[in-house]
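One structure is given here, and the rest of the page talks about it.
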Amino acid sequence: MNNFSLRRAAEADIPRIRQLAERIWWEHYPSIISGAQITFMLDLIYSETALQHQMTVEGQEFWLPEKNGQTLGFIAVSRQDEGAYFLHKFYLENRERGLGKIVFELLLARYPDLRELRLRVNRCNFKSVNFYFKVGFRIEFCIDTPIGEDYVMDDFQMLFLCSPSSQTLTS
């Protein structure tokens with residue numbers, strides 16, 4: 001794990017995050033949602049203006065996982081309440097076996113007060129849903145969110161519980 005790090009992104013990293021989003025989404029999502037919806041969501045969520053708003057106004061902290069100086073993806077987290085956080089984005093470009101778990105552990109270490117972490121994931125995104133199960137998330141409920149132009153995000157909201165002192169799953 002020595003070669004891996006998690007660097008806090010700055011506004012100067014926004015173009016890089018947008019590029020990563022484009023590549024990752026077009027590689028991963030065509031089997032899950034339509035190309036038109038991918039384009040719509042990339043414009044909605046990953047334009048440089050939208051990313052800047054998420055960082056500066058919404059308070060999302062963006063992280064860049066790196067190995068040997070190479071950026072592997074991006075993560076965004078926001079604090080919801082004391083010890084409660086929301087994982088908005090967890091995208092890795094490199095599909096190296098075990099990488100997701102390593103990066104998730106690095107993320108947990110950045111939030112020592114974390115007691116609960118929530119996220120939303122597309123219900124048909126089976127690889128991601130299974131990954132979240134493996135690291136200790138459970139499904140709280142299903143939610144369908146209209147996002148415009150007749151598109152709907154049909155997601156699971158998932159919850160991860162851990163002990164703030166040990167950062168381990170409390171089951």
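Estimated at the nearest 10 Å², the accessible area of Arg23 is 110 Å² with a 1.4 Å probe.
Give the relative contact order (percent, whole number) for the range 71-171; include only Cα pairs under 8 Å separated by 6+ residues.
Taking the mean separation of contacting Cα pairs over the length of the range 71-171, I get 24 percent.
For the range 29-76, the calculated P(r), taken from all Cα-Cα distances in 5 Å bins from zero up to the bin holding the longest distance, is 5, 18, 18, 19, 20, 16, 4, 0 percent.
At the residue level, Tyr151 shows approximately 50 square angstrom of accessible surface with a 1.4 angstrom probe and all protein chains present. Need one word for the range 27-171: rounded, prolate or oblate. Basis is the Cα gyration tensor (sqrt eigenvalues a ≥ b ≥ c); a/c below 1.5 gives rounded, then a/b vs b/c decides. It is rounded, given that a/c, with a ≥ b ≥ c, falls under 1.5.
The magnitude of the dipole of the range 15-113, with charges of +1 and -1 set on the Cβ of Lys/Arg and Asp/Glu and taken from the Cα centre, is near 320 debye.
Taking GluC sites (Glu not before Pro) across the range 45-144, the ones in a DSSP loop with at most 13 further Cβ atoms lying within 10 angstrom of their Cβ are Glu58, Glu82, Glu96.
Here the relative contact order of the range 47-128, from alpha carbon pairs under 8 Å that lie six or more residues apart, stands at 21 percent. Quick one: if you stick a label point 7 Å off each Cα along the C-beta vector at Lys127 and Ala12, how many nm between them? So the two model labels end up 3.2 nm from each other. Across the chain, C-alpha contacts under 8 Å between residues 6 or more apart give a mean separation that, scaled by the residue count, equals a relative contact order of 18 percent. If you take the square roots of the eigenvalues of the alpha-carbon gyration tensor of the range 10-112 and sort them as a ≥ b ≥ c, do you get rounded (a/c under 1.5), prolate (a/b over b/c) or oblate? Oblate is the answer for the range 10-112, as a/c is 1.5 or above yet b/c matches or exceeds a/b.
Annotation: Leu44 carries an accessible surface of approximately 90 Å², with a 1.4 Å probe and no ligand, DNA or RNA atoms counted.
The values are calculated or read from the model by the stated rules, or taken from the named source; none is laboratory data. Here the structure is a predicted model, which is why all the values come from computation and not from measurement. As a convention, Cβ positions derive from the backbone with ideal geometry for all residues, glycine included, and neighbour counts pool all protein chains shown. The area values use the complete protein model at the heavy-atom level, side chains included, leaving out ligands, DNA and RNA. Shrake-Rupley method; radii C 1.70, N 1.55, O 1.52, S 1.80 Å.
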